[in-house]
């Protein structure tokens with residue numbers, strides 16, 4: 001599948017809400033939450049006023065003229081919060097486009113972008129049952145803390 005990665009632009013910012021919903025892990029056999037779940041305050045921090053703060057970085061994957069994946073980071077107190085100097089990462093690929101290397105390409109491009117921006121590391125939160133754990137481990141993320149269901153993972157950007 002052909003796709004290209006580009007920097008996020010303000011016209012893409014409204015899509016962050018949609019892609020945050022796509023990033024929510026839903027175990028097999030469990031009904032997905034309503035789309036309105038992303039309006040909860042603890043989730044709005046991922047996209048509200050994106051682009052207005054230092055540390056807001058994003059990349060978009062397109063196939064043709066369709067946005068099929070997004071990865072973004074910001075300094076925030078979210079589920080993946082490690083410390084006030086480490087950006088938290090969110091990544092999502094639309095369901096029909098998963099398994100084509102888009103997530104890996106977005107993640108590698110974001111790690112390079114963060115390194116170029118001078119960040120020493122990046123963090124994220126992921127459910128242990130989510131297949132994406134393997135993607136993050138391959139990209140150099142390692143567990144820093146864990147609960148019964150989640151990993152808080154970080155990757156160093158030397």
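Here, each number is a calculation from the coordinates, and none is a lab measurement. No experiment lies behind these values; they were computed from the predicted model shown. Quick reminder, even Gly has a Cβ in these numbers, built from the backbone with ideal geometry, and neighbours come from all protein chains shown.
Some notes on this structure:
- Packing-based ranking, highest mean first, of 23-32, 95-104 given that Cβ atoms within 10 Å are counted: 95-104, 23-32
- Tensor-based shape of the range 4-66 (alpha-carbon gyration tensor, a/c under 1.5 rounded, otherwise prolate or oblate): oblate
- Over the chain - Rg/Rh using Cα atoms and the Kirkwood inverse-distance radius: 0.92
- Fewest neighbouring Cβ atoms within 10 Å first, the residues 147, 86 line up as 147, 86.
- DSSP beta bridges in the chain [antiparallel fraction, %, rounded to 5]: 95
- When both the range 113-149 and the range 59-105 are represented by their alpha-carbon centers, they are found 12 Å apart.
- Sorted fewest first by neighbouring Cβ atoms within 10 angstrom, 66, 150, 22 come out as 66, 22, 150.
- For 52, 63, 123, the sequence from fewest to most other C-beta atoms within 10 Å is 52, 63, 123.
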